[in-house]
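Read through the structure below, which is laid out as structure tokens, and then see the notes.
Please treat every number below as a calculation from the coordinates, not as lab data. Because the structure is a prediction, the values reported are computed rather than measured. Heads up, the Cβs are rebuilt from the backbone with ideal geometry, glycines too, and the neighbour counts pull from every protein chain shown.
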Amino acid sequence: MRKPLIVANWKMNKNVDEALTFLHQILDELPDYDREEVGIAPQAFAIYPMMKAVSQTPLQIIGQNAASKCNGAYTGEISVRDLAAMGVNYVMLGHAERREIFKESNRTINQKLLTALREGVRPIVCTNGEQKMVGQHNSCYSIFRQLDNVLTGVPVSQVTRIVFSFEPTDAIGTGKHADLETAEHGCHLLRQEIGQRYGSQIANQVRILYGGSVNPNNIRLLMAAPDIDGVLIGRASLDADSFIQMMNYQQMALAQVM
Ligand code: 13P
């Protein structure tokens, strides 16, 4: 049974005051942890005050990124060991924006992944491709090449600790989410590929998230797809009311959004 995981990726938005105000607005509305996991990935400096604010709740505070080194002369970097020391359980790695804007390579992401696993923080490994190309050979190839190089050296015993995401580049921040078929197909292909590498038993336990213009109107439908175990939400997660609706998507009537 794969527990749904709903993640707000705030990107470079919200200062500490805004982040804490947001928590205040949503904490009473958290869904039952037995049914679903919810997380927020704020800017790095907001992690500590947010961790303190949520210590009595099941809400996960998630790193948006971390370095492959744990300490030393790496100005501006974030140590996954120190995230772990604060009690952070998850860190996003290789988001499309890290790859595109900051030119992170698969090899870099692989090093970060191995370090995060070693330090006991569960990686959310992001993959991306062109929405319109999914299902065609080129796009599959590029997603799987990302996966191939990123997973180098990961022991089989650690694979189910990793969460994967599929975010079509042209659905990120555009307001145009992938149609259901494409979103499901991308996640399905990812699972299939993990199955080929590690066996279907492991692939069936791994959680795969869809990301790209998820909002209160489409989340219920996306979450009903068999291979979509959760979502990464950017813009629509910045508004508390909108996020409350999305983290409680299980209570939405499907008819309401069709
Ligand atoms: P949007 O929801 O703003 O499209 O962002 C998606 C994303 O990048 C989540 O990681």
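Points to keep in mind about this one:
- Max mean-square fluctuation residue, GNM over the chain, Cα-Cα springs under 10 Å, options 14, 103, 69: 103
- With θ taken as phi - 60° and the Karplus curve 6.51 cos²θ - 1.76 cosθ + 1.60 applied, the whole-hertz 3J(HN,Hα) list for segment 223-231 is 5, 7, 6, x, 9, 9, 9, x, 9 Hz, x standing for glycine and proline.
- Relative frequency of Cα-Cα separations exceeding 25 Å in the chain, percent: 39
- For segment 182-258, the extents of the C-alpha atoms along the principal axes are 41, 25, 20 Å, listed from largest to smallest.
- Separation between Cα centres of segment 34-78 and segment 185-258, rounded to whole Å: 21
- For residue 166, the amide hydrogen comes within under 5 Å of the amide hydrogens of 127, 209, 210, 211, counting only partners 5 or more places away or on other chains and with H modelled in the peptide plane.
- Shape descriptor for segment 1-52: Rg over Rh equals 1.00 (Cα atoms; Rh from the Kirkwood inverse mean 1/r).
- In order through segment 43-51: 3J(HN,Hα) via Karplus (6.51 cos²θ - 1.76 cosθ + 1.60), integer Hz, x for Gly, Pro: 5, 4, 5, 8, 4, 5, x, 6, 4
- Amide hydrogen neighbours beyond the local backbone of residue 43, cut-off 5 Å, H modeled: 13
- 3J(HN,Hα) couplings calculated from phi for segment 233-250 with the Karplus curve 6.51 cos²θ - 1.76 cosθ + 1.60 (θ = phi - 60°) are, in sequence order, 10, x, 3, 6, 8, 7, 9, 4, 4, 5, 5, 4, 4, 6, 6, 9, 4, 5 Hz; Gly and Pro show x.
- Convex hull (Cα only) mean projected area of segment 1-110, reported in nm² to one decimal: 7.9
- Loop-resident sites, segment 1-71, for GluC sites (Glu not before Pro), counting at most 10 other Cβ within 10 Å (DSSP): none
- For residue 122, the residues 5 or more places off, or on other chains, whose built amide H falls under 5 Å of its own are 90, 91.
- Under a model in which nothing but the beta-carbon of Lys, Arg (+1) and Asp, Glu (-1) is charged, segment 20-90 shows a dipole of about 400 debye around its Cα centre.
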